[in-house]
């Protein structure tokens, strides 16, 4: 089995030697990507600091294969420092291991060869097993030797497609890694990897029980999201394909464990944990308490233990999941009594009122974290616009928290949703020539927006990019926040606002919003623009028959607001603004109404306006408009 042999510290700082000729390097690149194949990383196993599993979009989970005596784990001689002892971290741990490793080989006419490697690998930032250096990354690699010289070769594989230029000897290489980030195990989810490949169950022999294949035996596979379970090459007069792959992958029986909380209550220690496992225990702490099994409600992930203390509680406790192999553990700080009892914590729409009593190790003044100070047991009210969900009161002895009860205040005004842009690390592509220029790639989390909603654009799959610029070049106007980041937020603005005093002007232009991305390389070279289209969907507003204004007595108007012909829960709710557009006089605002979850709205005014209203205009915050005459009797 061919291994990746990783030196993670060199990923960003050093370029792999390029074997393709300089005259045709522009074609060495990934041309078809596969985003979203992996969806989740499991809880970290504190035995070794790596995720207990990775999950693909089909729901399949794979765990590290860390049994040195098991040939299905695929370790080569020298991978484990002392092969006579079990794997243990960090003293006898491999520098690399795999959640999945897939390889395939093409024999080319004339004796050449092309080798594909697809891997989801655990490794270390400086190659040695050092606590705190753990990383996981996804890799795509194709190495070709003895192919036709000076040609552009197109390679297809289960997770995508790429092209490689060959040099005068017929050699070429492309390696794409999602740059590892120490301790950030979700970075690997952005790779062109997944869902996991496995042996085709329709082809004998079957995969070993508990595994997706045998790394020592080639076999047909299934699982390609592109419905292409082959490795092939075309170009230079060659057209060769194979459906034979070696597959390494151990189906997860490990669930990991998360110690959620541990608190001292009198002479008892209450411990809470979460896991999909079946056998959890709290590890004993010397003579203070013994190792204690945890209780579980069948069918849930909740575990609990109440432990009698014989002495002072430790500062931390360890929970371990015995059903995992190796056993997974999680550590949590122990919350000890502070002598603080929060007696009031409420918000009335303008002020946060807090009060607390003290005893034992605490004394006044107390710190209301992030808010102010309590000099005594008397309640203190703090003017504040945005109260915390939980208030924390702190002394030198520790802190106590309590939920904040909201007792008053009006609704918040409609506005744009909060924006949380976050720069991201782009893929690192080794192979080809950065001088050939960056390539922009753009996707969107969703391509249809209602007004007031947002979506995230993603240009992080662009290659050789050091800066980004997103621009709207056509269609319905939208707002781009973070237009120079890899992942900006696009918001479809509201049309009308409840604070409007005159009708909103029609939006122009219309049609799909066209957003363009241009990326810039390290030498200042800009990519060709790529674009993505977003559809802004307005609601349809109607005014029900029977709308009327009886002078000096009643104004009654009903209607609906539907998006795509359907009602639903909108956050915030849709509102409509109604105007008197009676011919012959100035337009005036009649009022506003909120749309309920069934799509209905109603405006009632008793008495109605003192001037006869014969015609109304209705505008929605979600973009819809309607007008209708009113009956006068």
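The values are calculated or read from the model by the stated rules, or taken from the named source; none is laboratory data. These figures come from a predicted structure and were not determined experimentally. Glycine gets a Cβ as well: all are built from the backbone with ideal geometry, and neighbour counts include every protein chain shown.
The residue that is nearest to residue 50 (Cα to Cα), counting only those in the stretch 169-184 that are at pLDDT 90 or above and in a loop (DSSP other than H, G, I, E, B), is 171. Of all residues in the stretch 226-251, those that are free of Cβ contacts under 8 Å to residues at least 24 places away in the same chain and touching a strand residue (DSSP E or B) at 6+ places or on another chain (Cβ under 9 Å) total 2. Residue 195 meets all of the listed conditions (1) modelled with pLDDT of 95 or more; (2) assigned to a loop (DSSP other than H, G, I, E, B); (3) surrounded by fewer than 18 Cβ atoms within 10 Å (Cβ to Cβ) but one, namely (3). Taken over the stretch 198-208, the criterion of being surrounded by 15 or more Cβ atoms within 10 Å (Cβ to Cβ) and at pLDDT 95 or above is satisfied by 198, 199, 200. Considering only the stretch 352-369, state which residues are outside any strand (DSSP E or B) and either surrounded by fewer than 18 Cβ atoms within 10 Å (Cβ to Cβ) or on the phi > 0 side of the Ramachandran plot (or both). Once the filter is applied, which keeps residues that are outside any strand (DSSP E or B) and either surrounded by fewer than 18 Cβ atoms within 10 Å (Cβ to Cβ) or on the phi > 0 side of the Ramachandran plot (or both), the stretch 352-369 yields 359, 360, 361, 363, 364, 365, 369. Filtering 484, 501 for residues that are part of a loop (DSSP other than H, G, I, E, B) and either without any contact (Cβ under 8 Å) to a residue 40 or more places away in the chain or within 18 Å of residue 456 (Cα to Cα) (or both) leaves a single hit, 484.
Quick check on residue 384: is it touching a residue at least 12 places away in the same chain (Cβ under 8 Å), over 30 Å from residue 281 (Cβ atoms) and over 36 Å from the mean Cα position of the chain (by Cα)? No, not satisfied.
In this structure, does residue 524 turn out to be assigned by TED's automatic domain parsing to the domain that holds residue 461 and either farther than 30 Å from residue 511 by Cβ or buried (at least 16 other Cβ atoms within 10 Å of the Cβ) (or both)? For residue 524, the condition - assigned by TED's automatic domain parsing to the domain that holds residue 461 and either farther than 30 Å from residue 511 by Cβ or buried (at least 16 other Cβ atoms within 10 Å of the Cβ) (or both) - is met. Just one of (1) surrounded by fewer than 22 Cβ atoms within 10 Å (Cβ to Cβ); (2) within 25 Å of the chain's Cα centre (by Cα) fails for residue 468. It is (1).
For the stretch 209-325, the strands (runs of 3 or more DSSP E) that sit wholly inside it and include 1 or more residues that are within 33 Å of the chain's Cα centre (by Cα) and modelled with pLDDT under 95 are 246-251, 258-265, 268-274, 280-282, 302-308, 316-321.
Does residue 184 meet the test of being in the same structural domain as residue 36 (by TED's automatic domain parsing), within 16 Å of the chain's Cα centre (by Cα) and closer than 30 Å to residue 237 by Cβ? No. Consider residue 349 carefully, then state whether it is loosely packed, with under 13 Cβ neighbours inside 10 Å, more than 21 Å from residue 399 (Cα to Cα) and over 30 Å from the mean Cα position of the chain (by Cα). Answer is yes for this residue. With respect to residue 532, determine if the residue is within 22 Å of residue 473 (Cβ to Cβ) and in contact (Cβ under 8 Å) with a residue 60 or more places away in the chain. Spelling it out, residue 532 is indeed within 22 Å of residue 473 (Cβ to Cβ) and in contact (Cβ under 8 Å) with a residue 60 or more places away in the chain.
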